[in-house]
Every structure is written in structure tokens, then in C-alpha cells.
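Structure, as C-alpha cells:
The values are calculated or read from the model by the stated rules, or taken from the named source; none is laboratory data. Just so it is clear, the model here is predicted, and its values are computed rather than measured. As a convention, Cβ positions derive from the backbone with ideal geometry for all residues, glycine included, and neighbour counts pool all protein chains shown.
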Amino acid sequence: MKSDSDWRISADNSLLRRGTVAWMHDAETWFERSFERLPETIRVNPLRKDSDSVEAWLRSVGAEPMSWYRGPGSSWVMPFERGGAEGEVRKLLISLHETGRLTRQEAVSMIPVMALNPKAGEAVLDMCASPGSKTSQIAEFMGGMGVLIANERSRKRCNLLVANIQRHRSRVTIVSNHDGRHIPYLSGEEGYDAILVDAPCTGSGTTRKNPEVWRQWKPSGGLGLHSMQFGLLNRAVDLLKPGGRVVYSTCSLDPVENEAVISQILQKREDVRLIGCSDNIDGVSIQEGLQSWVPTDDDMRPLEGSPWAHPPSEEISGELSKCIRVRGHMMDAGGFFLAIIEKKHVQTEDVLEDISEVRFPEDSVQASQPLCEIDRLAFEKEFGGCDKPLWRRGKRIAIGTERMLDVWSKRTIVSNGKAIVEGHRWRPMNIVHVGCEISEMRSGRPSRIIEDGAHLAREIALDRIVKIGDSDFEKLLFGEALETDCMPPDKTDIRGGWLVSSESNPEPLPVWIGGKITAMVSKHEQTCRVGLRGLEKV
Ligand SMILES: C[S@@+](CC[C@H](N)C(=O)[O-])C[C@H]1O[C@@H](n2cnc3c(N)ncnc32)[C@H](O)[C@@H]1O
């Protein structure tokens with residue numbers, strides 16, 4: 001493994017170092033701070049009922065809240081380097097992450113979602129979403145209402161995204177698998193309210209996390225990505241409703257991947273305007289966008305004849321100062337770029353008149369469908385009345401939002417307004433995951449509420465929660481099997497998958513009741529429940 005001094009030698013002669021001299025007035029200060037290890041930074045999930053206990057624990061181990069973080073929930077700097085937790089703190093930190101109570105995320109990476117400021121009830125697209133740290137942050141901002149499409153081009157990275165969304169346990173997210181440049185329109189809607197394009201980039205701002213960048217970065221990297229980055233942003237604007245907003249972001253410092261992309265969208269489209277820095281990121285150390293730059297080849301010779309890589313007019317050049325370069329080195333963090341764009345209201349033709357074709361493509365058998373009447377009756381018979389939108393995929397049952405049902409049921413305009421795809425299907429969207437999984441069908445009936453759905457049990461399975469004594473509850477947490485006589489008198493003969501709570505533990509815990517009662521939770525959940533309450537085995 002390379003030492004810090006080895007990286008320093010690669011960095012001294014790197015193309016990146018030479019590039020940054022042209023991109024920031026204090027390139028030397030940035031360079032000197034580009035080797036320090038990043039601190040561990042995290043976000044606490046406000047959608048979980050025990051988030052206050054998580055925050056209290058963080059304080060107790062010396063974490064400091066990040067004063068500039070705006071949004072529901074909170075973000076924290078741990079008193080150690082990234083990956084440097086030890087002992088009991090490490091154990092609980094991992095379990096809190098694995099159970100979705102917190103998300104480890106680099107500090108600067110939290111800023112684009114703060115700037116986008118997604119709201120409850122909106123339709124939001126996260127166009128390049130995997131591994132999903134910003135997706136989960138958007139879901140926190142939306143507070144369980146609306147619909148969030150988290151899209152990813154790579155099928156393999158979609159799996160990682162799904163795992164992270166399920167870990168986070170929020171219900172607003174749908175995962176789609178498309179090249180972002182060709183995502184279909186949102187069904188039956190005027191368009192998205194808000195879109196994040198966290199574009200694939202050279203990562204030239206990530207030297208503190210990934211020192212390989214010193215060796216790997218070349219100007220041709222950004223030049224090679226520029227047209228894909230523009231294509232993603234351009235499609236995002238197509239998909240926005242008038243008045244909607246898009247945040248374009250990268251973790252690169254190279255203007256070819258940043259201001260040049262924004263310059264091109266301002267030049268090509270009349271329906272966009274660049275918004276200046278918003279109040280939502282007050283307190284973040286920023287530099288204005290660059291108004292001019294000179295792209296170079298890999299020998300750092302100026303490249304003439306690449307007009308798209310320069311701001312084309314004085315007017316656009318002036319506008320580019322509204323772009324936001326995050327000065328990571330002044331915030332003990334990495335570097336980031338973002339721009340906030342609004343779609344203007346412009347008169348459009350009524351495309352519906354031209355429609356000449358109606359298509360009925362089938363969803364795959366693996367796609368989620370709203371729970372059918374028979375399954376819903378079976379669900380309510382097991383768990384009690386439930387008016388929440390539920391979905392079934394194979395054997396799995398998930399909870400979603402009302403807005404998801406709208407997206408599924410309405411028709412979608414395709415082929416530039418020349419055709420429509422009928423509703424009551426996901427097509428033309430290729431959807432691989434919906435909502436938060438809460439239960440599973442076994443032998444034609446829902447078997448039990450699983451750990452991932454237990455925090456929602458009061459909304460979906462009220463009849464299945466039984467209150468027991470505090471000390472019995474705590475024995476379950478420590479892995480003891482209880483006799484069934486600890487149940488209330490009218491419940492001593494119940495069997496199967498249930499949930500228990502107690503006076504001091506209102507958050508329901510899944511249990512299995514057979515001859516005895518045992519907790520049905522993962523080691524991570526158990527660690528969190530015990531650790532956050534400071535319980536000790538007596
Ligand atoms: C910078 S990463 C996104 C990080 C993510 N937003 C987060 O905060 O966790 C860019 C992602 O875009 C994906 N990607 C690359 N090209 C894409 C395309 N044409 N359409 C959609 N996603 C794409 C990459 O596979 C990668 O997962």
C-alpha cells in the first residue's frame with residue numbers, strides 16, 4: 001500500500017496539480033490540504049423514531065454537528081478519520097448504518113440535495129443514483145410522501161442501490177434501470193418537480209478519499225465525459241415540469257465537466273435559467289463558477305477548436321458565475337461542483353393531438369404490482385385494517401406511497417408525443433424495486449412483518465402488536481427465549497410471527513411465537529436497540 005509521502009511524489013508532478021492552478025486562485029493551499037485523510041461524516045435518518053437517541057449517542061462519543069447542514073435530520077463529524085472507528089463505537093456505528101438509522105456520507109456530497117431541497121409530495125428523479133447516499137437523503141427530505149425515482153444505468157450497481165434503499169427503509173423510492181439520457185417521461189404528469197443529476201465524472205475533487213486520482217487524472221478524461229454529462233442534463237430538463245428545478249453536480253474540479261456543461265445547456269435551450277446560490281446552502285464555503293477556461297490535451301497544450309468547451313458569449317460567461325464550486329479544502333472536505341437550473345414556463349403545442357398509436361407492452365413477471373384484492377384481504381385478516389398502498393413482487397410485499405399508484409396507473413407519452421403507452425403498468429419504465437419491503441407471502445398468506453417493516457408496524461399491522469413488560473422485552477433483546485405466559489392473558493395462545501413493544505420500548509420488535517417467544521431480528525438491529533438504550537445484561 002502506498003504511504004502518504006508516495007502519494008505526495010505522484011501528486012507533485014501530476015497533471016491535476018497543473019490543471020488546478022488555472023481553476024482556483026489558491027491552488028497551493030488546496031494542494032497542501034489534498035492529502036489529509038477525510039474525517040468520518042454521517043447523516044442521521046430523521047424518519048426513524050429513535051433518531052433522538054442516535055443523536056444523543058453521537059454526542060456522547062464526541063461527534064460534532066455540522067453547523068451548515070440544513071434539512072430534516074442532522075449531519076455530524078466524528079472525532080476520527082474515515083474508517084477509523086474502533087471497538088464498541090465501531091460496532092455500534094456499523095449497526096446503525098446497516099439498519100438505516102444513519103448513513104455514512106462524505107460532507108460535500110450532502111450539499112447537492114440541500115440545494116435541490118426536495119419536498120414532501122413532490123415527484124423527484126435522482127438520475128444517476130447508485131450507490132444511493134443522495135437517494136436516501138432525498139427520501140429524508142420528502143418525509144415519506146411523494147415519489148422518488150432513483151435511476152441507475154448499470155444493472156449491477158442497481159442491485160447495490162436497491163440494497164442501500166432497503167437498508168434505509170423509506171417508502172418513497174422506486175428504482176429504475178435506464179441510461180439517464182433515455183429515461184421515459186413520468187406517466188400522466190406534467191413532469192418532475194425536481195431532478196438531481198449527480199453525473200459520472202473524473203472525480204478530480206476526491207484526492208483525499210481516492211489518492212489514485214493523482215496518477216490517473218488526465219484532461220482527456222473530462223473531455224471524454226463532457227457529451228454524456230451534457231446529454232444527462234439535457235434529458236433532465238426535458239423531463240422537468242415548467243417551474244421545476246434540476247441540480248447538476250460532480251465531484252470534479254475540471255471546468256470541462258462543469259461550467260462547460262452548463263454553458264452548453266444555456267446556449268442550446270431557451271427554456272432554462274441558472275439560479276444563483278440558494279439560502280439552503282448558507283454557511284458552505286463556496287467559490288463562484290469560472291467564466292472562462294482553456295481546455296488542454298494530455299500534454300497540457302491548449303486545445304483550440306473545441307467551441308463547446310468554452311463559454312460562447314459574454315452573456316453566458318457572466319451567468320456562469322452563478323455556478324457553485326464548493327471549496328472543500330476550506331471545510332475539511334473534498335471538492336464539489338453544482339449548478340441549480342430552473343425550467344422556464346414556455347408555450348408548447350398540445351402534443352396529445354398528434355398521437356397516432358397506443359402501445360400495451362407487458363411488465364415483466366418480476367415487476368411489482370399493486371396488491372390484488374385477494375392478497376389485500378389476506379393481509380388485513382392477518383394484520384388488521386390497512387389503508388396504505390401495498391405492492392407485491394414475487395413473494396415480497398412492500399409499502400409505497402399514493403403518488404406511486406398515480407405513476408403506475410396513468411399512461412405515458414412516448415416517441416416525442418407521437419404515441420402513448422397505456423397505464424396500469426410500469427412500462428416504458430424499467431422498474432426493479434418499489435417502496436420498502438415489509439412482509440412475505442408464504443402458502444398464499446402474508447407470513448409476518450419483517451424487521452425492515454417493524455418501524456412502520458403501527459401503520460400496517462396494528463392488530464399484531466402486543467405489549468409486554470419492560471424486563472421481558474429486554475430479555476428478548478439479549479437473545480433469551482421467553483415462556484408464553486409473559487403475554488397478556490388474552491394473548492397466551494397466539495402463535496407465529498408477531499411484534500412486541502413495552503412501556504420503555506414503543507418501537508415494535510418482531511418475534512416468533514412457538515413453544516417459546518424469540519426475537520426475529522438481525523444482530524445489527526439487536527446491537528442498536530441494546531447500544532442506544534445503554535442496556536446491560538443483568
Ligand atoms: C457519481 S456516481 C453517483 C453517486 C450517487 N449519486 C450517490 O450519491 O451515491 C454516478 C453514477 O452514475 C451512473 N451512470 C453512469 N452513466 C450513466 C448514465 N448514462 N445514466 C445513468 N446513470 C449513469 C454510474 O454507474 C454511477 O453509479
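Among the residues of the range 397-427, how many are under 22 Å from the mean Cα position of the chain (by Cα) and surrounded by fewer than 16 Cβ atoms within 10 Å (Cβ to Cβ)?
The qualifying residues number 2.
Going by the conditions given, is S447 polar (S, T, N, Q) and under 34 Å from the mean Cα position of the chain (by Cα)?
Working: polar (S, T, N, Q): yes; under 34 Å from the mean Cα position of the chain (by Cα): yes.
Yes: the conditions hold for S447.
Just wondering, is there one or more residues in the range 172-184 that are outside the structural domain of R48 (by TED's automatic domain parsing), free of Cβ contacts under 8 Å to residues at least 60 places away in the same chain and farther than 30 Å from P295 by Cβ?
Checked against the condition, which is being outside the structural domain of R48 (by TED's automatic domain parsing), free of Cβ contacts under 8 Å to residues at least 60 places away in the same chain and farther than 30 Å from P295 by Cβ, the range 172-184 yields no hits at all.
Would you confirm, using the coordinates I've provided, whether V358 is surrounded by 17 or more Cβ atoms within 10 Å (Cβ to Cβ) and in contact (Cβ under 8 Å) with a residue 60 or more places away in the chain? Working first, answer last.
Details: surrounded by 17 or more Cβ atoms within 10 Å (Cβ to Cβ): no; in contact (Cβ under 8 Å) with a residue 60 or more places away in the chain: yes.
No: the conditions fail for V358.
Do the conditions hold for R167, that is, is it within 19 Å of V247 (Cβ to Cβ), at pLDDT 95 or above, touching a Gly at 6+ places or on another chain (Cβ under 9 Å) and basic (K, R)?
Answer is no for this residue.
Check off (1) among the small types (G, A, S); (2) under 18 Å from L125 (Cα atoms); (3) touching a Leu at 6+ places or on another chain (Cβ under 8 Å); (4) more than 11 Å from the ligand (Cβ to nearest atom) for G180 and give me the number that stays unchecked.
Exception for G180: condition (4).
Looking only at the range 435-444, count how many residues are within 25 Å of the chain's Cα centre (by Cα) and either under 18 Å from E402 (Cβ atoms) or free of Cβ contacts under 8 Å to residues at least 12 places away in the same chain (or both).
Matching residues across the range 435-444 total 3.
Condition test on G132, is it more than 9 Å from the ligand (Cβ to nearest atom), out of contact with any Pro (no Cβ under 9 Å at 6 or more places or on another chain) and of a type in the set (G, A, S)?
Judged against the criteria, G132 is not a match.
Please tell me if V175 is within 15 Å of the ligand (Cβ to nearest atom) and in contact with a Phe, Trp or Tyr (Cβ under 7 Å, 6 or more places away or on another chain).
For V175, the condition - within 15 Å of the ligand (Cβ to nearest atom) and in contact with a Phe, Trp or Tyr (Cβ under 7 Å, 6 or more places away or on another chain) - is not met.
Quick one: which of I174, I165 is within 22 Å of A398 (Cβ to Cβ) and part of a helix (DSSP H, G or I)?
I165
Answer with yes or no whether L47 is at pLDDT 90 or above and within 15 Å of V213 (Cα to Cα).
No.
Identify, please: which residue in the range 135-155 is among the charged types (D, E, K, R) and near the ligand (Cβ under 9 Å from one of its atoms) and is, among those, surrounded by the most Cβ atoms within 10 Å (Cβ to Cβ)? It would help to see each step written out before you state the result.
First pass over the range 135-155, keeping only residues among the charged types (D, E, K, R): 140, 152-153, 155.
From what's left, near the ligand (Cβ under 9 Å from one of its atoms): 152-153.
Values: E152: 27, R153: 20.
Checked the range 135-155; the qualifying residue surrounded by the most Cβ atoms within 10 Å (Cβ to Cβ) is E152.
Kindly list the number of the only condition in (1) assigned to a loop (DSSP other than H, G, I, E, B); (2) surrounded by fewer than 20 Cβ atoms within 10 Å (Cβ to Cβ); (3) not basic (K, R) that fails for S252.
It fails just one condition, (2).
For the range 55-76, which residues satisfy the criterion of being assigned to a strand (DSSP E or B), more than 16 Å from the ligand (Cβ to nearest atom) and buried (at least 20 other Cβ atoms within 10 Å of the Cβ)? Steps first, please.
Residues of the range 55-76 that are assigned to a strand (DSSP E or B), as a first pass: 64-65, 74-76.
Filter once more, keeping what is more than 16 Å from the ligand (Cβ to nearest atom): 64-65, 74, 76.
If the condition is that a residue be assigned to a strand (DSSP E or B), more than 16 Å from the ligand (Cβ to nearest atom) and buried (at least 20 other Cβ atoms within 10 Å of the Cβ), then W76 is the only one that fits.
Going through the range 18-30 one residue at a time, which ones are assigned to a helix (DSSP H, G or I) and in contact (Cβ under 8 Å) with a residue 40 or more places away in the chain?
Our first condition is that a residue be assigned to a helix (DSSP H, G or I); within the range 18-30, this holds for 18-23, 27-30.
Correct list: R18, G19, T20, A22, W23, T29, W30.
I'd like to know if the range 82-98 contains one or more residues that are away from the ligand (no atom under 11 Å from the Cβ) and within 13 Å of the chain's Cα centre (by Cα).
There is no residue in the range 82-98 that is away from the ligand (no atom under 11 Å from the Cβ) and within 13 Å of the chain's Cα centre (by Cα).
Just for the range 199-230: of the residues that are part of a helix (DSSP H, G or I) and more than 15 Å from the ligand (Cβ to nearest atom), which one is surrounded by the fewest Cβ atoms within 10 Å (Cβ to Cβ)?
Going through the qualifying residues, I end up with R215.
Does the range 140-160 contain any residue that is modelled with pLDDT under 95 and β-branched (V, I, T)?
No, that holds for no residue.
When you scan the range 444-538 for helices (runs of 4 or more DSSP H) that lie fully inside it, which ones turn up with 1 or more residues that are of a type in the set (V, I, T) and closer than 26 Å to V44 by Cβ? Working first, answer last.
On the way: elements: 457-460, 470-477, 523-532.
Output list reads 457-460, 523-532.
Cβ-Cβ below 6 Å, separation at least six or inter-chain, first residue in the range 315-343 and surrounded by fewer than 22 Cβ atoms within 10 Å (Cβ to Cβ), second part of a strand (DSSP E or B) and of a type in the set (S, T, N, Q): which pairs?
Hits for this filter: R327/Q287.
If you go through the range 361-384 one residue at a time, how many are in contact with a helix residue (DSSP H, G or I) (Cβ under 9 Å, 6 or more places away or on another chain), touching a residue at least 40 places away in the same chain (Cβ under 8 Å) and not aromatic (F, W, Y)?
3
Could we say that L186 is more than 9 Å from the ligand (Cβ to nearest atom), of a type outside the set (D, E, K, R) and under 17 Å from K119 (Cβ atoms) here?
Spelling it out, L186 is indeed more than 9 Å from the ligand (Cβ to nearest atom), of a type outside the set (D, E, K, R) and under 17 Å from K119 (Cβ atoms).
State whether the residues of the range 409-419 include one that is in a loop (DSSP other than H, G, I, E, B) and free of Cβ contacts under 8 Å to residues at least 40 places away in the same chain.
no
Residues to consider are L233, L240, L196; find the one that is at pLDDT 95 or above, crowded, with 22+ Cβ neighbours inside 10 Å and away from the ligand (no atom under 12 Å from the Cβ).
L240
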